[in-house]
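This report concerns only the one structure given below.
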Amino acid sequence: MGHARTLYDKICDTHAVRRLDDHHILIYADRHILNEYTSPQAFGALRAVNRTVWRPERSLAVVDHVNPTTVARTDPTDPEAAAQVEYFRANCRDFGIELFDIRDPRQGVEHVAFAEQGLALPGSVIVCGDSHTTTCGAFGALGFGVGTSEVEHVLATQTVVYRRLKNMRVTVEGPRPNGVGAKDVIMAVIGRLGADGAVGHAVEFSGSTISALGVAGRQTICNMIVEAGARGALVAPDDRVFEWLKDKPRAPKGASWFAAIDAWRKLHSDPAARFDSEVSLDASTLAPLVTWGTSPEQSVAIDGRVPNPSAEPDEIRRRAAKRALDYMGLVPGTAMEQIRIDRAFIGSCTNGRLDDLREAARVVGGRKVAAHVKAMVVPGSSQVRRQAEAEGLDRIFMAAGFDWRQSGCSMCLAMNGDMIGPGERCASSTNRNFEGRQGRDGRTHLMSPAMVAAAAIAGHLADVRKIARK
């Protein structure tokens, strides 16, 4: 093809098995991630017609949604969750799929554990029955979530019918001010776009702010753009990514590594490539953000106030804001820093990596969690947990009064017993603050791990910029 193309279009073109119509292709998946929660129906459908998995070595299975995060590693005690895990084990065994089980030292939240193995390679297509597979975009890979019937199709054929997306570029320039992390950048982007502003698009992130971020920060950004409706995210791979991948267990080795690097350096949008939509953001104007409502788009600077829905000109958004405030039990005009919390949660596929825990530990060091707050840290993987313990981060958290847990999805979606009670308010480093997401009638405020740490210490939403880092 002679015309200028975006990175997204290049990956789609190289993975298109067949063009189906003007909008759809049959796309080949290099890798497939499976979890115990979204795979049972797909395996059941395969069994019903006695069909095999075509390329089992291209799939990796991880238990992460329903496993307990208690310090003693155990199977779920809930009968339904236990049955889910057992069926998952049987499926992986019978179909020849590698499984990172609960007690496996490589276990973790799927998007964290998969990347740690060096399986999220630049230019590849990665699918999973989970919308946050876009996390892989941090490596210049096209990752996207698929439904149960599509999981079955990938298992059987290593392909999926795929609707081509429009191209959006989000350019973020400028230095990040003190206290502003990758989470604040992406929350600001979601606030700008709205919860449906990127629907039908793959989003490529570029600009000096993105380039300056480490791999963990890029993963946070690609992970959470889903909350603006995007179904794909990409950052062009660079030396930071190559250095990160170099020593990973499943990354190419020897001569293959150098050949891969040569190919990966070509993975970028052509200078003349046209994007259907362009958005730009000046990072230097940002402050640490906190959500006040029940959608990730409903955020405000920590030194701001709960907004008044009557000031919203759009009727649909006005009604949504009013409903959100009713659910959250908040009064317009309240200073965000006056909002008392009951729980604090650091973890998830958005912010459970080593860099996230380091950032939170710098805030926590030498301080105590407020007496009325129950706080927990759930590392994104067993490997992250070991690395954090080697650095003494576990001791910092525990000395302050945090629970130090095993890895898993945990309180991000409250499927494993880790949940907040009705009416309780949680400062959370997760990606969604929907009604009931962390427990029935629970109230979630999204923010960066450092901001969660600050809130846990203060006992209310707090500005991390006012706390001296240790």
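Let's see how each residue does on (1) over 20 Å from His132 (Cβ atoms); (2) of a type in the set (D, E, K, R); (3) in a helix (DSSP H, G or I):
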site	(1), (2), (3)
Ala375	yes, no, no
Ala399	yes, no, yes
Ser407	no, no, no
Met411	no, no, yes
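Any chance the stretch 380-387 includes a residue that's over 25 Å from the mean Cα position of the chain (by Cα), surrounded by fewer than 19 Cβ atoms within 10 Å (Cβ to Cβ) and more than 30 Å from Pro79 (Cβ to Cβ)? Before the answer, list the steps.
Initial filter on the stretch 380-387 (over 25 Å from the mean Cα position of the chain (by Cα)): none.
No - not one qualifying residue is present in the stretch 380-387.
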* Structure fact -> Counting only residues that are surrounded by fewer than 18 Cβ atoms within 10 Å (Cβ to Cβ) and touching a Phe, Trp or Tyr at 6+ places or on another chain (Cβ under 7 Å), the stretch 316-348 contains a total of 0
* **Exclusive hit being within 26 Å of the chain's Cα centre (by Cα) and either in a loop (DSSP other than H, G, I, E, B) or within 30 Å of Ile396 (Cβ to Cβ) (or both), set Arg367, Arg362, Arg317** => Arg362
* Hey, among Ala251, Ala272, which residue is touching a Leu at 6+ places or on another chain (Cβ under 7 Å) and in the same structural domain as Ala195 (by TED's automatic domain parsing)? -> Ala251
* Among the residues of the stretch 349-368, is any surrounded by fewer than 22 Cβ atoms within 10 Å (Cβ to Cβ) and under 17 Å from Ile420 (Cβ atoms)? -> no
* Asked: Among (1) under 22 Å from Leu330 (Cα atoms); (2) touching a residue at least 60 places away in the same chain (Cβ under 8 Å); (3) hydrophobic (A, V, I, L, M, F, W, C), where does Met419 come up short?
  -> (2)
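Tell me, please, whether a residue that is in a loop (DSSP other than H, G, I, E, B) and either closer than 27 Å to Ile186 by Cα or in contact (Cβ under 8 Å) with a residue 40 or more places away in the chain (or both) can be found in the stretch 381-393.
no
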* Determine, yes or no, whether Leu46 is over 22 Å from Ser407 (Cβ atoms), of a type in the set (A, V, I, L, M), surrounded by 15 or more Cβ atoms within 10 Å (Cβ to Cβ) and at pLDDT 95 or above. => yes
* Hits in the stretch 104-125 (condition: closer than 15 Å to Asn35 by Cβ and in contact with a Ser or Thr (Cβ under 6 Å, 6 or more places away or on another chain)) -> Gln107, Gly108, His111, Val112, Ala113
* Asked: Across the stretch 2-39, what is the number of residues that are in a strand (DSSP E or B) and without any contact (Cβ under 8 Å) to a residue 24 or more places away in the chain?
  -> 3
* When you look at Ala233, is it surrounded by 23 or more Cβ atoms within 10 Å (Cβ to Cβ), at pLDDT 95 or above, among the hydrophobic types (A, V, I, L, M, F, W, C) and touching a Ser or Thr at 6+ places or on another chain (Cβ under 7 Å), yes or no? -> yes
* If we scan the stretch 277-284, do we find a residue that is in contact with a Lys or Arg (Cβ under 7 Å, 6 or more places away or on another chain), among the charged types (D, E, K, R) and surrounded by fewer than 18 Cβ atoms within 10 Å (Cβ to Cβ)? -> yes
* Asked: Looking at (1) surrounded by fewer than 24 Cβ atoms within 10 Å (Cβ to Cβ); (2) out of contact with any strand residue (DSSP E or B) (no Cβ under 6 Å at 6 or more places or on another chain); (3) at pLDDT 95 or above, which is the only condition Leu393 fails?
  -> (1)
* To do: Please note which strands (runs of 3 or more DSSP E) are completely contained in the stretch 105-218 and include at least 3 residues that are at pLDDT 95 or above and under 30 Å from Pro40 (Cα atoms).
  => 125-128, 142-145, 159-163
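The values are calculated or read from the model by the stated rules, or taken from the named source; none is laboratory data. Since the model is a prediction, treat every value here as computed from it, not as a measurement. Positions of Cβ are backbone-derived with ideal geometry, glycine not excepted, and every protein chain shown enters the neighbour counts.
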